[in-house]
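The values are calculated or read from the model by the stated rules, or taken from the named source; none is laboratory data. Keep in mind that this is a model prediction, so the values were computed, not measured. Here Cβ is always computed from backbone atoms with ideal geometry, including for glycine, and neighbour counts include all displayed protein chains.
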Amino acid sequence: MSDFTSDFWSHYVAGITIIGIVACFLLLWTTARKKVASSSDNTTGHVWDENLAEMNNPLPRWWVWLFVITLVFGIVYLVAYPGLGKFGGKLGWTEQKQYEAEMAKAKAELEPLYARFRAMKIEDLAKDPQAMAIGDRLFMNNCAQCHGSDARGSKGFPNLTDNDWLHGGTPEKIQETITNGRIGIMPPMAAAVGTADDVRNVAHYVLSLSNSPHDSVRAALGKPKFAVCAACHGADGKGNQDIGAPNLTDDIWLHGYGEDAIIAMINNGKTNQMPAQKDKLTEDQIRVLTAYVWGLSHNPKSVGK
Ligand code: HEC
Ligand code: HEC
């Protein structure tokens, strides 16, 4: 009701409600008083289809009382709870307060559990079935839409179950990733590499790093051009976790495998973002998730079914 800028609609809604209740009372009262003249055989005199007559019986008592009780209940309810326009009800109940009370209760119930988790190292947390059950639900609700319900990711979204890390796989690094998010930026590199043919040659050199099928002549020609890539991916192509530059030697491909995918990477670059979770999840929840994610590659038996 606070959405309205004037009180008109509040009065309007409350007015219709009150008039409705009063009208129901009046209906009951007038019909109870009014006697319909009936003949000796208790019919009203209306006859249809030759012999179908209308009887003049009073409403059953139980029905009348149900009607009265419903009306009284309505009045009591409207006095106690919100319902009459902007009037908030004598009990002061609001959805907001109920929600907050339920959240506080849930938090108080979980507090001892999280206190126990707080005293544990991430590595031990990853072996705790209770923590991992919570981690699994947190993951399904907050992470699975991007990383997949099995955490194996898909194109552009890293697989979290292997031991290949863009930004580091230690508990500290994982916690940092989840808390603050990450941005991986690879700029378009075609201009720095040279001609379209040079780009193709570098792509073959990249393929050769992981022993993927490649043209060895092109790879040899591309090798010197890889110097411009080395600043981020390292001279040996093994990547750099400080800036999230992937290891190009391990045959694990975040943005697709093969000549075309690599040429597209060099030509277009890529900006990829893992959203920060610190405003969405509590620190306790992030620790449990850190243990869950760390456990996926270190402790696969206790996490992810
Ligand atoms: C909107 C999609 C999205 C959501 C939601 C999301 N992530 Fe990510 N996540 C990404 C992307 C994209 C990356 C890769 C970033 C990059 O390329 O540098 C990533 C990277 C990561 C990494 C780093 C992987 C590595 O190899 O270093 C971890 C760990 C991770 N996410 C965990 C989580 C967890 C836990 C959640 C749930 C709380 C989550 N993510 C939710 C998109 C998402
Ligand atoms: C400024 C740093 C930087 C430079 C320079 C750079 N890259 Fe990258 N590259 C990245 C980052 C960061 C990513 C990961 C993007 C992401 O987070 O998704 C990446 C991703 C890639 C990928 C995708 C890997 C996969 O798993 O799918 C390929 C292939 C690649 N780079 C090749 C190259 C080549 C070849 C060069 C040189 C021509 C180059 N990069 C230069 C930072 C760089």
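Report yes if ILE266 is in a helix (DSSP H, G or I), surrounded by 14 or more Cβ atoms within 10 Å (Cβ to Cβ) and near ligand 2 (Cβ under 8 Å from one of its atoms), otherwise no. Please lay out each step first, then the result.
Values: in a helix (DSSP H, G or I): yes; surrounded by 14 or more Cβ atoms within 10 Å (Cβ to Cβ): yes; near ligand 2 (Cβ under 8 Å from one of its atoms): yes.
Yes.
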Residue that is surrounded by the fewest Cβ atoms within 10 Å (Cβ to Cβ) [pool: residues in the range 161-195 that are away from ligand 2 (no atom under 13 Å from the Cβ) and aliphatic (A, V, I, L, M)]: ILE174
Near pairs, Cβ below 6 angstrom, 6+ apart or cross-chain, from the range 224-237 (over 12 Å from LEU248 (Cβ atoms)) to any residue that is of a type in the set (A, V, I, L, M, F, W, C): LYS225/VAL193; LYS225/VAL202; VAL228/ALA192
The range 143-158 - residue that is within 15 Å of LEU289 (Cα to Cα) and crowded, with 18+ Cβ neighbours inside 10 Å and, of those, nearest to the chain's Cα centre (by Cα): CYS143
Where GLN241 falls short, out of the listed (1) within 16 Å of ligand 1 (Cβ to nearest atom); (2) touching a residue at least 24 places away in the same chain (Cβ under 8 Å); (3) crowded, with 20+ Cβ neighbours inside 10 Å: (3)
Checklist (1) without any contact (Cβ under 8 Å) to a residue 40 or more places away in the chain; (2) away from ligand 2 (no atom under 16 Å from the Cβ); (3) part of a helix (DSSP H, G or I); (4) not polar (S, T, N, Q) applied to MET120, failing item: (3)
The range 236-252: number of residues that are assigned to a loop (DSSP other than H, G, I, E, B) and more than 31 Å from the chain's Cα centre (by Cα): 9
Residues satisfying the stated conditions in the range 120-142, i.e. touching a helix residue (DSSP H, G or I) at 6+ places or on another chain (Cβ under 9 Å), farther than 16 Å from GLN175 by Cα and loosely packed, with under 14 Cβ neighbours inside 10 Å: GLN130
Unique residue being more than 10 Å from ligand 2 (Cβ to nearest atom) and either at pLDDT 95 or above or of a type in the set (D, E, K, R) (or both) when the list is ALA219, ALA203, ALA245: ALA219
Index of the failed condition, THR290 passing every other in (1) part of a loop (DSSP other than H, G, I, E, B); (2) crowded, with 18+ Cβ neighbours inside 10 Å: (1)
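Counting only residues that are more than 11 Å from ligand 1 (Cβ to nearest atom), free of Cβ contacts under 8 Å to residues at least 40 places away in the same chain and outside the structural domain of LYS238 (by TED's automatic domain parsing), give me the helices (runs of 4 or more DSSP H) lying completely in the range 124-186 with at least 1 of them. Break it down into steps so the answer makes sense when it comes.
Working: elements: 129-142, 144-147, 171-180.
Qualifying helices (runs of 4 or more DSSP H): 129-142, 171-180.
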